[in-house]
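The values are calculated or read from the model by the stated rules, or taken from the named source; none is laboratory data. Everything quoted here is computed from the prediction, not taken from an experiment. Don't worry about glycine lacking a Cβ; one is built from the backbone with ideal geometry, like all the others, and counts go over all protein chains shown. When the accessible area is computed, the model is the full protein with side chains, heavy atoms only, and any ligands, DNA or RNA have been set aside. Shrake-Rupley method; radii C 1.70, N 1.55, O 1.52, S 1.80 Å.
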Amino acid sequence: MARLAQTHGLTDVQREILSTVRDFVDKEIIPVATRLEHRDEYPQDIVDGLKELGVFGLMIPEEYGGLGESLLTYALCVEEIARGWMSVSGIINTHFIVAYMLKQHGTQEQKDTFLPRMAAGEVRGAFSMSEPALGSDVSAITSKAVRDGDEYILNGQKMWLTNGGTSTLVAVLVRSDEGHPEGTAPHKSMTTFLVEKEPGFGEVRPGLTIPGKIDKMGYKGVDTTELIMDGLRIPANRVLGGTTGRGFYQMMDGVEVGRVNVAARGCGVAQRAFELGVSYAQQRQTFGKPIAQHQAIQFKLAEMATKVEAAHAMMVNAARKKDSGERNDLEAGMAKYLASEYCKEVVEDAFRIHGGYGFSKEYEIERLYREAPMLLIGEGTAEIQKMIIGRRLLEEYRFQG
Ligand SMILES: Cc1cc2nc3c(=O)[nH]c(=O)nc-3n(C[C@H](O)[C@H](O)[C@H](O)COP(=O)(O)OP(=O)(O)OC[C@H]3O[C@@H](n4cnc5c(N)ncnc54)[C@H](O)[C@@H]3O)c2cc1C
């Protein structure tokens, strides 16, 4: 076995893309990741390199200038990139979700306007559902859009926007009661707006403020921000898909493919943690032999490798199901849940293998230890995944008595 997490049945094109990305990760990301992360520095050179490789347009159809690749190819690239540095996969992920939502739900004019520039990485996407008072309970959104002639006026506060500062196009979910009478189910009165803005912080467009970066325990380098709308005017032709009331479904569709990608990130971080653990275990000596020769450490390595393999297999299964055109919410939920939990456990084991040195900022595992918890939260917490999985199981295994 050359390495863990092999994927069988890939085409030549997929293999070539992956080998190019892996090479880029080994040469351009891993050597600088920890230094940049400690400085909380945006990895501009890495982003420019990924633009050149065409990664920002991986799944955008060829007619719009992208590579038109599958979700599987995309997820495998994300796995490689997260193996190098999870924050870089975060820079791509929200961009990918917005491009996917445009491709699936946008009007022709919206696709023509944004997708070619998104494929080139010139327009960069962020998506915004969460608010200060809610994350899991999306139906409780209070930000509001009110129609005013050919425009909507948006007011409200959003929270936790990955790429909030660096993006130039934000898909924002708000409540829009227009056309939806009192008493309409909450998820039927939500609309996604495509909000264009300047990159940076402060007032980036009249009525739209990005206050600054949230200071985080890990997942640094990529900016995470709030977004404040105060009388923000958006033309009616920037309602995603042209029709109000469809935002909740559009966002859930985007988050579903996003879940496969969070699973892929978990796989990548876990792989890196395994690589660090297995390497350190063969160098560190205690009681006259390398610690890898103590059975307790070998058992740890065996458990770690098994978890890496299992998470990878579930992630690949979820991506392939979506690519085949089938519903994959069950598989995506399971893959996201398992991969993020296993990632946390594999990282913890690699940390323990490092003994006291794992606590030193000079060792890469220290960074991974602060990054893994984010995967337990983003794109729906473990509890939310289990609610999705449980609901689907009861649909499939309905009691027939
Ligand atoms: C670094 C980072 C980046 C993010 N990026 C984005 C982004 O780009 N765009 C975006 O929109 N959001 C983003 N988020 C927000 C993220 O999606 C939410 O934090 C997440 O959905 C959880 O919501 P919450 O923090 O409000 O927790 P809550 O919903 O308040 O949950 C708190 C706890 O209660 C549990 N819980 C909630 N409801 C239930 C229930 N019904 N049953 C059992 N347990 C329950 C949760 O699992 C959790 O353990 C980001 C968050 C972080 C930390």
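The rows are residues; the columns are (1) without any contact (Cβ under 8 Å) to a residue 12 or more places away in the chain; (2) touching a strand residue (DSSP E or B) at 6+ places or on another chain (Cβ under 8 Å).
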site	(1), (2)
Leu173	no, yes
Lys188	no, no
Glu198	no, yes
Glu203	yes, yes
Thr224	no, yes
Ile228	no, yes
Gly231	no, yes
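How many residues, within segment 176-194, are within 16 Å of the ligand (Cβ to nearest atom) and surrounded by fewer than 23 Cβ atoms within 10 Å (Cβ to Cβ)?
Here the count works out to 2.
If you scan segment 331-353, which residues turn out to be of a type in the set (Val, Ile, Thr) and closer than 13 Å to Ala270 by Cα?
Going through segment 331-353, the residues of a type in the set (Val, Ile, Thr) turn out to be 346-347, 353.
Those that are of a type in the set (Val, Ile, Thr) and closer than 13 Å to Ala270 by Cα: Val346, Val347.
Report, by residue number, each residue of segment 284-297 that is open to solvent by 70 Å² or more (accessible area, probe 1.4 Å) and in contact (Cβ under 8 Å) with a residue 12 or more places away in the chain. First the steps, then the outcome.
Going residue by residue through segment 284-297, those that are open to solvent by 70 Å² or more (accessible area, probe 1.4 Å) are 284-285, 287-289, 293, 295-296.
Within segment 284-297, just Arg284 meets the criteria.
Can you pull out every residue in segment 118-145 that is exposed (fewer than 14 other Cβ atoms within 10 Å of the Cβ), of a type in the set (A, V, I, L, M) and in contact (Cβ under 8 Å) with a residue 12 or more places away in the chain?
Passing the criteria: only Ala140.
Of the residues Asp323, Asp349, Asp329, which is open to solvent by 10 Å² or more (accessible area, probe 1.4 Å), in contact with a Lys or Arg (Cβ under 7 Å, 6 or more places away or on another chain), in contact (Cβ under 8 Å) with a residue 24 or more places away in the chain and more than 22 Å from Gly84 (Cβ to Cβ)? Full working, then the answer.
Numbers: Asp323 fails: in contact with a Lys or Arg (Cβ under 7 Å, 6 or more places away or on another chain); Asp349 fails: more than 22 Å from Gly84 (Cβ to Cβ).
Testing whether each residue is open to solvent by 10 Å² or more (accessible area, probe 1.4 Å), in contact with a Lys or Arg (Cβ under 7 Å, 6 or more places away or on another chain), in contact (Cβ under 8 Å) with a residue 24 or more places away in the chain and more than 22 Å from Gly84 (Cβ to Cβ) leaves just Asp329.
Of the residues in segment 366-386, how many are closer than 14 Å to Arg83 by Cα and either open to solvent by less than 30 Å² (accessible area, probe 1.4 Å) or not aromatic (Phe, Trp, Tyr) (or both)? Working first, answer last.
Residues of segment 366-386 closer than 14 Å to Arg83 by Cα: 367-369, 371-372, 375.
Those left that are additionally either open to solvent by less than 30 Å² (accessible area, probe 1.4 Å) or not aromatic (Phe, Trp, Tyr) (or both): 367-368, 371-372, 375.
Qualifying residue count, segment 366-386: 5.
Considering (1) closer than 22 Å to Met374 by Cα; (2) among the charged types (D, E, K, R); (3) outside any strand (DSSP E or B), say which one Glu178 fails and leave the rest.
(1)
Against the conditions (1) under 24 Å from Asp323 (Cα atoms); (2) in contact with a Ser or Thr (Cβ under 9 Å, 6 or more places away or on another chain), where does Leu115 fall short? Just the number, please.
With (1) under 24 Å from Asp323 (Cα atoms); (2) in contact with a Ser or Thr (Cβ under 9 Å, 6 or more places away or on another chain) applied to Leu115, the lone miss is (2).
Mind checking which residues of segment 146-166 are open to solvent by 10 Å² or more (accessible area, probe 1.4 Å), touching a residue at least 12 places away in the same chain (Cβ under 8 Å) and more than 15 Å from the ligand (Cβ to nearest atom)? Outline the logic, then answer.
Looking only at segment 146-166, we keep the residues that are open to solvent by 10 Å² or more (accessible area, probe 1.4 Å), and these are 146-151, 153, 155-157, 159-160, 162, 166.
Now drop any that are not touching a residue at least 12 places away in the same chain (Cβ under 8 Å), which leaves 146-148, 150-151, 153, 155-157, 159-160, 162, 166.
Scanning segment 146-166 gives Val146, Arg147, Asp148, Asp150, Glu151, Ile153, Asn155.
Being modelled with pLDDT of 95 or more, under 12 Å from Glu80 (Cα atoms) and surrounded by 15 or more Cβ atoms within 10 Å (Cβ to Cβ) is the filter here; which residues of segment 5-29 pass it?
Listed by number, the residues that qualify are Ile17, Leu18, Thr20, Val21, Arg22, Phe24, Val25, Ile29.
Glu41 - would you say it is open to solvent by 20 Å² or more (accessible area, probe 1.4 Å) and more than 16 Å from Ser70 (Cα to Cα)? Can you show your working first?
Numbers: open to solvent by 20 Å² or more (accessible area, probe 1.4 Å): yes; more than 16 Å from Ser70 (Cα to Cα): yes.
For Glu41, the condition - open to solvent by 20 Å² or more (accessible area, probe 1.4 Å) and more than 16 Å from Ser70 (Cα to Cα) - is met.
Assess whether Gly207 counts as being over 23 Å from the mean Cα position of the chain (by Cα), within 16 Å of the ligand (Cβ to nearest atom) and either in the same structural domain as Glu366 (by TED's automatic domain parsing) or surrounded by fewer than 22 Cβ atoms within 10 Å (Cβ to Cβ) (or both).
Details: over 23 Å from the mean Cα position of the chain (by Cα): yes; within 16 Å of the ligand (Cβ to nearest atom): no; either in the same structural domain as Glu366 (by TED's automatic domain parsing) or surrounded by fewer than 22 Cβ atoms within 10 Å (Cβ to Cβ) (or both): yes.
Criteria not met by Gly207.
Inspect all residues belonging to segment 126-141 and state whether any of them is away from the ligand (no atom under 15 Å from the Cβ) and in a loop (DSSP other than H, G, I, E, B). Walk me through it before giving the result.
Taking segment 126-141 as the starting set, the residues that turn out to be away from the ligand (no atom under 15 Å from the Cβ) are none.
No, there is no match, as no residue in segment 126-141 is away from the ligand (no atom under 15 Å from the Cβ) and in a loop (DSSP other than H, G, I, E, B).
Considering each of Ile92, Ile17 in turn, give the residue that is touching a Cys at 6+ places or on another chain (Cβ under 9 Å), hydrophobic (A, V, I, L, M, F, W, C) and under 26 Å from Arg238 (Cα atoms).
Numbers: Ile17 fails: under 26 Å from Arg238 (Cα atoms).
Step by step, each of Ile92, Ile17 is checked, and only Ile92 is touching a Cys at 6+ places or on another chain (Cβ under 9 Å), hydrophobic (A, V, I, L, M, F, W, C) and under 26 Å from Arg238 (Cα atoms).
Which members of segment 358-385 meet the condition of being assigned to a helix (DSSP H, G or I) and within 11 Å of the ligand (Cβ to nearest atom)?
Within segment 358-385, Glu371, Pro373, Met374, Leu375, Leu376, Ala382, Glu383, Ile384, Gln385 meet the criteria.
Against the definition (open to solvent by less than 10 Å² (accessible area, probe 1.4 Å) and part of a helix (DSSP H, G or I)), how does Ala310 come out, yes or no?
On the way: open to solvent by less than 10 Å² (accessible area, probe 1.4 Å): no; part of a helix (DSSP H, G or I): yes.
For Ala310, the condition - open to solvent by less than 10 Å² (accessible area, probe 1.4 Å) and part of a helix (DSSP H, G or I) - is not met.
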